[in-house]
Amino acid sequence: MADHANTHADRQRRYRKRQRDGVAVYRVPAGDAVLLALIESGQLTESQALDPTRVEQQIAAVVAEWARRWASE
């Protein structure tokens, strides 16, 4: 039997760790305009924009930076 890297137990472990760390995951639809904005702002290259994990990480980084700036005003 093949070793499955993404088992239910693994997902649960990651979920509980996020809860302990105070991190929530939200699914947000993002269209081409978001990808284009990330590329044109230099946040991602065109090839990086083809990687959904990379895009998700960069969107999270942009939102975190926005929150940090908003909180400091």
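Every read-out reported here was derived from the displayed coordinates using simple, explicitly stated rules and does not represent laboratory data. All figures in this text were calculated on a predicted structure; none of them were measured in a lab.
A few comments on the model shown:
- A viscosity of 1.002 mPa s and a temperature of 20 °C, combined with the Kirkwood radius over Cα pairs in Stokes-Einstein, give a translational diffusion coefficient for the chain of 147 µm²/s.
- The chain - mean residue ellipticity at 222 nm from DSSP helices (-39,500 (n - 2.57) per run, n ≥ 4, rounded to 500): -19500 deg cm²/dmol
- Computed from Cα atoms, the angle from the helix 8-21 axis to the main principal axis of the chain rounds to 50 degrees.
- Extension reserve of the Val25-Ala5 stretch, reckoned as 0.36 nm per residue once the Cα distance is removed: 5.2 nm
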